[in-house]
Amino acid sequence: MTFNIIVGAQWGDEGKGRVVDLLASEADYVARYSGGDNAGHTVTVGEQTFKLHLIPSGVIHPHTIGVLGNGMVINPAVLLAEMEQIRGAGVNINPQRMRISYAAHVITPGHIALDKAREMARGAGKIGTTQRGIGPAYNDKAARSGIRMESVLSPETFADEIMAHIEKINQQLTSLYGAPPLDAQSVAQEYVGYARILAPYVGDITTLLSTALKNGKYVLAEGAQGTLLDLDHGTYPFVTSSTPTAPGALVGLGLGVGRTNRVVGVTKAFQTRVGEGPFPTEVFGEAATRLRGTGTNPWDEFGTTTGRPRRVGWLDAVLLRYAVQINGLTELTLTKLDILTGLNTLRICTGYKTDGKTLENLPLGPKDLTPFEPVYEELPGWEKDVWEVRKWADLPAQAQAYIQRIETLVDVPVSLVSVGPERDQIIRR
Ligand code: IMP
């Protein structure tokens, strides 16, 4: 029995897809447990590169079974388009190879319209959501008025359920936000079409995965977003509406406590964030362009789902220590080390200064980080290109020292280091 969890240790976009790809080569099941198509994982199949938003990226390995857990919110139109896209690249997707939890929630155009209307109404206080309907779908789930994937199994009542749902949302759109109503009948018709195709994929994934673990199989839980976007433990209210942290894998797949082996946190060698919210180590101007890139390379820091330029900054070890604690990380993967090549001096935030005191940990979690001034430690950079490096011993001494300093600051080992975008540009320690 092996149950490993891969989780983002920052604000998402840490390069989890790379680690999933590596670990999924040995896994039997790869399972998404939270979020929806707000996530974006870049996956390469042969010569083709895809951006997957819902399907676990580990399904690219033909021996795996992909699972979409009950903790997810699923836009069926996006899911079907994604299935078609990767089928086109020769990836076999059928009801034996992909299972969807009956208890996952359905995202509708009503949720998307509400997400947009609410963001607009927030004005300067906007969250910067991906506008994929994620928040409103989780709202409905918590309010016990959501539509679950099990509804696609009853097409005769599904149309009525969708119609009633859209009509209810139309009341909010028109009376609260002055937004135009949606055509409930045509949405219902569209969704009944999706239901017919998706019904064979829907079932009980909890029993499936529990039985698999009992039979000695390997389940890999594939996190989306990141620790600092967690609804409870992130930089509230600038968070997503789900639980992307490692404990979310247990709830979002219906697996009991006490089964987890490795919890792998993925962090960039620096820090990025999309959307609004606090970011103590953020840099601007030329320094930002140096870390972000200009958008000419596929690995430059522009959102996979929205194309927005990401905010960038120095690695924040205070927040990384927090991520180790919240997730119970057993190890870290450090991505994008190559981006730091050529910088004279590197900075790591080791503490926060406030009222003349320096804190190593957050007094009240990461809700409001604005009163804190980062305390930086400076380390020498390196000149030598690391793209071709595959062994720890071949890394420049300054790069080794940078990584070892991170390990000491957060008290977990860095087991993998990525030095470029290709599959094999990885150093295992
Ligand atoms: P929502 O999840 O669309 O509601 O967006 C809430 C916040 O989470 C916004 O700041 C988004 O930019 C951020 N967010 C959501 N999903 C991701 C992701 O996969 N990567 C990075 N940021 C994300």
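A few comments on the model shown:
- Residue among THR289, THR207, THR243, THR260 that alone is under 29 Å from ALA142 (Cα atoms), out of contact with any helix residue (DSSP H, G or I) (no Cβ under 9 Å at 6 or more places or on another chain) and of a type in the set (S, T, N, Q): THR207
- Some residue of region 216-239 being more than 16 Å from PRO56 (Cβ to Cβ), in a loop (DSSP other than H, G, I, E, B) and of a type in the set (A, V, I, L, M): yes
- In region 329-345, the residues that are at pLDDT 95 or above form Cβ pairs under 7 Å with partners that are among the charged types (D, E, K, R) and buried (at least 22 other Cβ atoms within 10 Å of the Cβ), at six or more places apart or across chains, as follows: THR335/GLU14; THR335/ARG18; THR335/LYS268; LYS336/LYS268.
- Breaking point among (1) surrounded by 20 or more Cβ atoms within 10 Å (Cβ to Cβ); (2) in contact with a His (Cβ under 7 Å, 6 or more places away or on another chain); (3) of a type in the set (A, V, I, L, M, F, W, C); (4) within 24 Å of VAL152 (Cα to Cα), for ILE65: (2)
- Hey, ALA159 closer than 25 Å to MET83 by Cβ, among the hydrophobic types (A, V, I, L, M, F, W, C) and assigned by TED's automatic domain parsing to the domain that holds GLY110 or not: yes
- The residues listed here are ASP28, ASP37; of these, the one that is surrounded by fewer than 24 Cβ atoms within 10 Å (Cβ to Cβ) and not aliphatic (A, V, I, L, M) is ASP28.
- Filtered residue count, region 136-167, keeping only those that are in a helix (DSSP H, G or I) and either among the β-branched types (Val, Ile, Thr) or in contact (Cβ under 8 Å) with a residue 40 or more places away in the chain (or both): 14
One line per residue, one yes/no per condition, for (1) modelled with pLDDT of 95 or more; (2) touching a helix residue (DSSP H, G or I) at 6+ places or on another chain (Cβ under 9 Å); (3) within 16 Å of the ligand (Cβ to nearest atom):
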residue	(1), (2), (3)
GLY128	no, yes, yes
ALA137	yes, yes, yes
ILE147	yes, yes, no
PRO155	no, yes, no
SER186	yes, no, no
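- Qualifying residue in region 245-254 (condition: within 21 Å of GLY40 (Cα to Cα), β-branched (Val, Ile, Thr) and touching a strand residue (DSSP E or B) at 6+ places or on another chain (Cβ under 9 Å)): yes
- The set of residues in region 356-407 being over 23 Å from THR341 (Cα atoms) and more than 28 Å from the chain's Cα centre (by Cα) consists of GLY356, LYS357, THR358, LEU359.
- Only listed residue being of a type in the set (A, V, I, L, M, F, W, C), in a loop (DSSP other than H, G, I, E, B) and within 22 Å of PRO244 (Cβ to Cβ), chosen from LEU329, LEU319: LEU329
- Qualifying residue in region 247-267 (condition: at negative phi and within 9 Å of the ligand (Cβ to nearest atom)): no
- Residue within region 279-288 that is within 16 Å of the ligand (Cβ to nearest atom), more than 30 Å from THR354 (Cβ to Cβ), part of a loop (DSSP other than H, G, I, E, B) and out of contact with any Ser or Thr (no Cβ under 8 Å at 6 or more places or on another chain) present: no
- Residue check, ASN75 outside the structural domain of GLN185 (by TED's automatic domain parsing), modelled with pLDDT of 95 or more, surrounded by 23 or more Cβ atoms within 10 Å (Cβ to Cβ) and among the polar types (S, T, N, Q): yes
- Which numbered condition ILE348 misses (of (1) in a loop (DSSP other than H, G, I, E, B); (2) touching a residue at least 40 places away in the same chain (Cβ under 8 Å)): (1)
- Failed condition for TRP314, given (1) closer than 24 Å to GLY133 by Cβ; (2) touching a residue at least 24 places away in the same chain (Cβ under 8 Å): (1)
- Across region 39-58, the qualifying residues are those that are within 16 Å of the ligand (Cβ to nearest atom) and of a type in the set (Gly, Ala, Ser), and the one among them that is nearest to PRO136 (Cα to Cα) is ALA39.
- With respect to the stated conditions, GLY36 is within 14 Å of the ligand (Cβ to nearest atom), modelled with pLDDT of 95 or more, in contact with a strand residue (DSSP E or B) (Cβ under 6 Å, 6 or more places away or on another chain) and not aliphatic (A, V, I, L, M).
- Residues located in region 184-217, provided they are touching a residue at least 60 places away in the same chain (Cβ under 8 Å) and touching an Asp or Glu at 6+ places or on another chain (Cβ under 7 Å): VAL202, ALA212, LYS217
- Hits in region 87-121 - residues which are assigned to a helix (DSSP H, G or I) and either buried (at least 22 other Cβ atoms within 10 Å of the Cβ) or among the acidic types (Asp, Glu) (or both): GLY110, HIS111, ALA113, LEU114, ASP115, GLU119
The values are calculated or read from the model by the stated rules, or taken from the named source; none is laboratory data. What you see is a predicted model; the values in this text were computed from it and never measured. Using ideal geometry, Cβ is built from the backbone for each residue, glycine included, and neighbour counts are taken over all protein chains shown.
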